[in-house]
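Working notes, structure below.
Values in this text are rule-based calculations from the coordinates and carry no lab data. From a predicted model like this one, the values you see are computed outputs, not experimental measurements. Virtual Cβ from ideal backbone geometry, glycine too; neighbours counted across all protein chains shown.
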Amino acid sequence: MRIVSWNVENLAPSLNGAAPPLPEIHARVGCPAALCLQEVRIRAHDAVLLARLRTALPGYDCHCSLNRDAKNAAHRGGRAYGVVTFIDAALCAQPRTFDFDREGRVVASVIDSMKLALFNVYAVNGTAKPYRDPQTGAVDGDRHAFKRRFIEQLGVEASALQRAGLELVLIGDWNVSRTRLDTFPRLRTEPPHALARAEFNDAFMPRLGLVDAFRALHPDARRYTWFNRRARGGRLDAARVDFALVSAGLAPRVSDAGIDETRAARMRSDHAPLWITLD
């Protein structure tokens with residue numbers, strides 16, 4: 001079972017005929033059984049685009065979570081964030097969304113026949129920008145704190161499915177580099193970035209018993225998934241912030257994990273697609 005993840009940085013052009021259509025994108029990444037896309041920038045009330053989205057990849061079910069937070073994601077007219085998973089209809093996966101996720105950052109696909117829950121994740125990018133309560137609009141800390149809360153709440157939901165007897169795959173754009181090996185030229189070690197990284201590495205992953213699939217197979221590789229397009233003089237400014245985390249019990253079944261760093265693979269996005277293969 002091949003699973004591909006890619007922060008596509010706006011899927012709407014592919015649905016409007018202004019960019020490669022989804023079947024072409026699907027073929028470019030090896031026709032995976034599950035294609036997990038982040039930052040699709042489609043609003044929950046975009047009826048025409050939603051209709052096109054659900055039929056864009058014949059033979060695949062479409063599971064999505066889209067932005068519905070008018071207080072914190074009003075930029076681009078609300079066309080922000082959003083995750084979509086296209087999964088082979090033969091797997092009979094059931095979608096699962098979560099009340100805490102108002103910005104469209106996580107959707108799970110539960111495959112009962114495989115006892116597997118596949119999470120498509122677009123984690124929060126921590127910044128000093130105020131975060132507002134979605135109901136009242138009152139300031140509730142900044143997006144650094146919101147980022148940590150999001151990961152904590154995601155852990156609660158994943159743990160519940162784990163206790164129900166499901167193995168986990170959590171794949172997507174995590175907006176965090178785990179170690180110095182995952183970034184160039186440097187790892188941001190100043191707070192609050194260091195706090196978010198420590199909580200992710202030392203609490204979130206151990207609590208769920210998760211393994212970084214790419215790093216397990218390539219312990220010394222310097223490969224990146226995000227590339228700064230504004231880097232001066234063409235200098236490398238990159239990080240591995242997109243990755244797949246799998247249950248420890250599932251880790252021995254990961255036969256392949258990779259990243260396609262080429263410009264052609266990235267197309268119009270500043271992120272590269274990645275994949276894992278489960279035997």
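To keep it simple, each residue is scored yes or no on (1) crowded, with 23+ Cβ neighbours inside 10 Å; (2) more than 20 Å from the chain's Cα centre (by Cα).
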| position | (1), (2) |
| --- | --- |
| Ile3 | yes, no |
| Asn10 | no, no |
| Pro13 | no, no |
| His26 | no, no |
| Gln38 | yes, no |
| Ile42 | yes, no |
| Leu49 | no, yes |
| Thr55 | no, yes |
| Asp69 | no, no |
Picked from segment 87-125 (must be closer than 16 Å to Tyr60 by Cβ and touching a residue at least 60 places away in the same chain (Cβ under 8 Å)), the residue farthest from the chain's Cα centre (by Cα) is Ser109
Do we have Val84 as aliphatic (A, V, I, L, M), in contact (Cβ under 8 Å) with a residue 24 or more places away in the chain, buried (at least 17 other Cβ atoms within 10 Å of the Cβ) and farther than 22 Å from Arg178 by Cβ here?
yes
Residues of segment 83-95 being under 24 Å from Glu152 (Cα atoms), in contact with a helix residue (DSSP H, G or I) (Cβ under 8 Å, 6 or more places away or on another chain) and of a type outside the set (Val, Ile, Thr), in sequence order, are Gln94
Residue hits (segment 58-92; closer than 14 Å to Pro134 by Cβ and assigned to a helix (DSSP H, G or I)) are Gly78
Given (1) closer than 21 Å to Asn125 by Cβ; (2) among the β-branched types (Val, Ile, Thr); (3) touching a residue at least 24 places away in the same chain (Cβ under 8 Å), Val211 misses just (1)
Per the filter on segment 223-279, residues part of a helix (DSSP H, G or I), without any contact (Cβ under 8 Å) to a residue 12 or more places away in the chain and among the small types (Gly, Ala, Ser) are Gly233, Gly234, Ala264
Worksheet item: Could we say that Arg266 is crowded, with 21+ Cβ neighbours inside 10 Å and not aromatic (Phe, Trp, Tyr) here?
Response: yes
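Taking Asp69 as the residue in question, decide whether it is of a type outside the set (Lys, Arg) and touching a residue at least 60 places away in the same chain (Cβ under 8 Å).
Yes, satisfied.
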(1) touching a helix residue (DSSP H, G or I) at 6+ places or on another chain (Cβ under 6 Å); (2) of a type outside the set (Asp, Glu); (3) in a loop (DSSP other than H, G, I, E, B) all hold for Arg52 apart from (3)
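Out of Val254, Val241, report the one residue that is among the β-branched types (Val, Ile, Thr), touching a helix residue (DSSP H, G or I) at 6+ places or on another chain (Cβ under 7 Å) and surrounded by 14 or more Cβ atoms within 10 Å (Cβ to Cβ). Before you say what the answer is, go through the steps one by one.
Values: Val241 fails: touching a helix residue (DSSP H, G or I) at 6+ places or on another chain (Cβ under 7 Å).
None of the other options fit; the residue is Val254.
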